[in-house]
Amino acid sequence: MESHVLSRTFEFNGVRLPDPDPKLSVEDVRALYAHQYPDIATASITGPEPVGDKLRYQFTRAIGSKG
């Protein structure tokens, strides 16, 4: 039996984002990408979902109405 660490991938609005640092928590990754994608700061996180030899996390934008 072999074991190996699965790498992570992240998705936001159909864009695949690489894992900047495997040592970071998923929340830290979201905070890091918030500079580039401001909507990701309030996005919900789903996952991990195993896809092949990777774990996929999805950031889903919060949809709501103002007012």
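Coordinate-derived values only; no laboratory data. These numbers were taken from a predicted model, which means no experiment stands behind them. Positions of Cβ are backbone-derived with ideal geometry, glycine not excepted, and every protein chain shown enters the neighbour counts.
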Task: Members of segment 16-25 found to be surrounded by fewer than 15 Cβ atoms within 10 Å (Cβ to Cβ) and in contact (Cβ under 8 Å) with a residue 12 or more places away in the chain, listed by number - done: 20, 22
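Given the criterion out of contact with any Asp or Glu (no Cβ under 6 Å at 6 or more places or on another chain) and exposed (fewer than 11 other Cβ atoms within 10 Å of the Cβ), identify the matching residue among 63, 40, 45.
Only one candidate passes the filter, namely 63.
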